[in-house]
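What follows draws every value from the coordinates through simple rules; no lab data is involved. Remember, it's a predicted structure, so these values are computed and weren't measured experimentally. As a convention, Cβ positions derive from the backbone with ideal geometry for all residues, glycine included, and neighbour counts pool all protein chains shown.
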Amino acid sequence: MPNSLPGIRRRLVCMLYEGLVVFSILLVGFLLPQIVLSGFGYSMLPRMLWLHVLVLLMIYFVWCWLNGGQTLPMKTWKLRVVNADGTRLRPTQAILRYLAACPSIVLFGVGIFWAVFDNDKQFLHDRIAGTQIISTD
């Protein structure tokens, strides 16, 4: 059935794959520039380093969600993030989803664990942003 809600297991496996993509993005977009800058004697405050990571990943996720609703792992697992009514995400909605997902995942996965108790099995950051992950197969 097209555009159905996928199971939590499928979404979690997609998140594991997403971790590999995020690792490679951080390697190229964060670590390499930091190595080059330190070679020229520049260093950044720890707060600026965290801001660099936050903005770098926000650019990746928000761009992917606004341009097709899928990251590479989501394409592989045939998942798409959409508005609660099935339409494309608005830019502010994509940013809100990203900003809500960060603590949702970093705080021991509380936003992911939320799906176990949610009526529609949605993650907490999807509830906050008014989005949902649908199946595209």
Task: Sparse-neighbourhood loop sites, trypsin sites (Lys or Arg not before Pro) in the range 69-127 - DSSP loop, at most 11 other Cβ within 10 angstrom - done: none
- [ ] In debye, nearest 20, what is the charge dipole magnitude of the chain about its Cα centre with +1 on Lys and Arg Cβ and -1 on Asp and Glu Cβ, if you could check?
- [x] 100 debye
Task: Loop-located chymotrypsin sites (Phe, Trp or Tyr not before Pro) in the range 1-65 whose Cβ has at most 15 other Cβ within 10 Å (DSSP) - done: 40, 42
- [ ] Sum up the charges of everything whose Cβ sits under 12 Å from the Cβ of residue 83, counting Lys and Arg as +1 and Asp and Glu as -1, but leave residue 83 out.
- [x] +2
TODO: Determine, for 125, 52, the number of other Cβ atoms within 10 Å of each Cβ, and report the residues in order from fewest to most.
DONE: 52, 125
Task: Kyte-Doolittle mean at least 0.0 and Cα axial length at least 18 Å: DSSP H helices in the chain - done: 8-26, 46-66, 91-106
TODO: For the chain, build the charge dipole from Cβ charges (+1 Lys, Arg; -1 Asp, Glu) around the Cα centre, then report which of 37, 86, 62 sits farthest towards its positive end.
DONE: 86
Open item on the list: Let me see the P(r) profile for the chain: every Cα-Cα distance counted, bins of 5 Å, each bin given as a percent of all pairs.
Closed with: 2, 10, 18, 23, 20, 11, 7, 5, 3, 1, 0, 0
- [ ] Averaging sequence separations of C-alpha pairs under 8 Å and six or more residues apart, then dividing by the length of the range 8-135, give the relative contact order as a whole percent.
- [x] 23 percent
Open item on the list: Using only DSSP helix segments of four residues or longer, with each worth -39500 (n - 2.57), what per-residue ellipticity at 222 nm results for the chain after dividing by its residue count and rounding to 500?
Closed with: -18500 deg cm²/dmol
